[in-house]
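Structure, as structure tokens:
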Amino acid sequence: MGADGSSYLRVRAGVDRAAVTTLRMLLVSRLVTLRRLLALVAVWCLVPVASRVGGVRVRPDGMTLDEPLEHLGAMALCLPGLVLLPLLAEPAPWLSWNASRPLAPVRTLRIAAVVGVGAVAGAIPLLLLPPGVPIAHFLALWMLLISLGVLIAVAVGSAYGALGSVLFVALMSVPGLVPYEANIVYNGSARPYLFGAAGLAVVLAVICYARWDEGTTRRQEFVAD
């Protein structure tokens, strides 16, 4: 290989290193770090563990069909939101205030990436759920909880997003507070309603975030104006 070939390889290697460095800086600026990814995997691994711990009893006496769902796994499904929802905040919101292109497509891609990464990270742990716990039920429940978190993040800020899903599960866990027929968290017979609620919540979360952004970022832009 001649001198021209060697020069080309050196230039190509330099470009590749620059691209990797740029990508790494972009991910870090978006709060995507190795520590956060490890934390996401860790909290997902808590879900099948918590699903083997009972302690929730909301079904009426004499009903045993839904007993496998009455465990702490539903509350553990709120934990991934603590790791994922902060990614919705704009680290440098002032950079986008005078953007020349519409921000809705960028926000749509961001929320899709956040939800998608969360779903992929939970794919393997959900396969380790104890016998009798439907994977489809838990996946739909997680989609509902993360979407509720996004809606809370749009309203008041990503720092409070996970509180929405925690409050929802807590209310559903109080015996008699919500009619059992409507308890989509613990009532397996209400699973079609869970699927419908999860689908609707996902659509609303994507639309609201794409339209209005995360609450804290939006308020910073309003104050700046």
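The values are calculated or read from the model by the stated rules, or taken from the named source; none is laboratory data. All values reported here derive from a predicted model rather than from experimental measurement. Note: areas computed on protein heavy atoms with side chains; ligands, DNA, RNA excluded. Shrake-Rupley method; radii C 1.70, N 1.55, O 1.52, S 1.80 Å.
Leaving out ligands, DNA and RNA, and with a 1.4 Å probe, what % of the accessible surface on region 40-222 is carbon or sulfur?
73
Report the extension gain between I207 and A112 in nm, rounded to one decimal, defined as 0.36 nm multiplied by the number of residues separating them, less their alpha carbon distance. Each step should come with its number before you reach the end.
Details: separation 95, 0.36 × 95 = 34.20 nm, distance 1.11 nm.
Contour length minus Cα-Cα distance gives 33.1 nm.
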